[in-house]
Amino acid sequence: MKKPLASLLLLSSLVTPATTIADETTLPKEFQGFTWNSKVTLSYDDLDALLEATVLDVGLSDRSSAKSSSTIGTRMRSHKNKDSAFEANRFMFEELKNSPVKDAFHDIRVSLENVPSEISLSELKNDEQLAYWLNLYNVALLEKLIQAYPIYDMEDELIGDSSILNEKFLTVAGHSLSLNDVQHIVFEKFGDKPVVMYGFYQGNIGSPSLNPDPFTGDKVYHQLEYRAEEFINSNRGVVPEKRKTLKVSKFYEQANTLFEDFDKDLKDHLIVFADSSIKYDIKNAKRIEPEIENWSINDIY
């Protein structure tokens, strides 16, 4: 297998002193600062090829539900999350479990961890850094899920002290990090734009979809906005109920630090990306209930 390309840098001589933004001062100095006019970019050609071969993009939701099915002589239903059963991009966990291709996720993850040994992150533009952290998170998570597969219910994997999100198996610029640490870094540096939350795929149908191509600095916010639109206008994201109640995904509770006044700020955020079928209901909602969940792994099967 050829050497991963994710750590290859396209460099120019134009690198000026790093700028620091105020809301990142709690982070280690290696993760602070940016260079606004940097010409340094990261290439993700290897990751692009890998995701193209392993991710099924299902597109925008039409809010259709799976039909409950049963066998003769039983009232057991085959799917407990029928409203969101057809939603979220799918990943080929089954095919990769015993395939040597799975090793590529480890190789790319290590390659990304090594980027700060080649160039300080502060010498990158902010958007380039954001794409870097999101790609590192998603590649590392996929590596862990492929190792643990078969998994059918992701709740135990994602919730609690023993969650894979809390395991410190990453090393970036000399710092041991968990996936939750990476999310914290992103929220601290880029949390003034809540759309960053949609870059954190978590392996279950109820989370934002895995992007079918890598995040890149030149279009990361466009990619995140599309992921926001897809999530919000789906049964696993936002569902208006009677009596001006708005049910939303429990994923928003995880990202509640992005919303100072949770109900008001979340409503304002949802309205930006909501289509005409639910925009009115969001504007007029009196209660927001983070109750929507689907912990099923988003395997293609």
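The values are calculated or read from the model by the stated rules, or taken from the named source; none is laboratory data. Everything numeric in this text was worked out from a predicted model, so none of it was measured. Here Cβ is always computed from backbone atoms with ideal geometry, including for glycine, and neighbour counts include all displayed protein chains. In case anyone asks, the SASA skips ligands and DNA or RNA and just uses the protein heavy atoms, side chains included. Shrake-Rupley method; radii C 1.70, N 1.55, O 1.52, S 1.80 Å.
So F190 clears everything in (1) in contact with a Pro (Cβ under 7 Å, 6 or more places away or on another chain); (2) crowded, with 23+ Cβ neighbours inside 10 Å; (3) not polar (S, T, N, Q) except one condition, right? Which one? Single failed check for F190: (1). Restricting attention to the range 4-41 and to residues that are small (G, A, S) and at pLDDT below 95, the residue that is nearest to A104 (Cα to Cα) turns out to be A6.
Scanning the range 59-106 for residues that are part of a loop (DSSP other than H, G, I, E, B), at pLDDT 80 or above and open to solvent by 60 Å² or more (accessible area, probe 1.4 Å) yields a count of 5.
Is at least one residue of the range 198-211 farther than 30 Å from K125 by Cα, outside any loop (DSSP other than H, G, I, E, B), of a type outside the set (A, V, I, L, M, F, W, C) and in contact with a strand residue (DSSP E or B) (Cβ under 7 Å, 6 or more places away or on another chain)? Yes, some residue in the range 198-211 is farther than 30 Å from K125 by Cα, outside any loop (DSSP other than H, G, I, E, B), of a type outside the set (A, V, I, L, M, F, W, C) and in contact with a strand residue (DSSP E or B) (Cβ under 7 Å, 6 or more places away or on another chain). Restricting attention to the range 263-301, the residues that are in contact with a Pro (Cβ under 9 Å, 6 or more places away or on another chain) and aromatic (F, W, Y) add up to 1. Against the list (1) within 16 Å of the chain's Cα centre (by Cα); (2) more than 23 Å from L158 (Cα to Cα); (3) among the hydroxyl-bearing types (S, T, Y), the condition S277 fails is (1). Criterion first (without any contact (Cβ under 8 Å) to a residue 12 or more places away in the chain and aromatic (F, W, Y)) does Y280 satisfy it? Here the answer is yes, as Y280 does meet what is asked. Within the set S176, S162, S209, the sole residue that is more than 23 Å from E24 (Cα to Cα), free of Cβ contacts under 8 Å to residues at least 24 places away in the same chain and of a type in the set (G, A, S) turns out to be S162. Residue selection: V139 fails the criterion of being farther than 21 Å from T35 by Cβ, among the aliphatic types (A, V, I, L, M) and surrounded by fewer than 23 Cβ atoms within 10 Å (Cβ to Cβ). Within the range 42-52, can one find any residue that is assigned to a loop (DSSP other than H, G, I, E, B) and either at pLDDT below 95 or buried (at least 18 other Cβ atoms within 10 Å of the Cβ) (or both)? Checked against the condition, which is being assigned to a loop (DSSP other than H, G, I, E, B) and either at pLDDT below 95 or buried (at least 18 other Cβ atoms within 10 Å of the Cβ) (or both), the range 42-52 yields at least one hit. Just one residue in the set I119, I146 is over 22 Å from K219 (Cα atoms), modelled with pLDDT of 95 or more and open to solvent by less than 50 Å² (accessible area, probe 1.4 Å); that residue is I146.
With respect to F215, is the statement that it is closer than 24 Å to V55 by Cβ, at pLDDT 95 or above and in contact with a Gly (Cβ under 9 Å, 6 or more places away or on another chain) true? Spelling it out, F215 is indeed closer than 24 Å to V55 by Cβ, at pLDDT 95 or above and in contact with a Gly (Cβ under 9 Å, 6 or more places away or on another chain). A count restricted to the range 224-242 and to residues that are of a type in the set (K, R) and either touching an Asp or Glu at 6+ places or on another chain (Cβ under 8 Å) or in contact (Cβ under 8 Å) with a residue 12 or more places away in the chain (or both) stands at 2.
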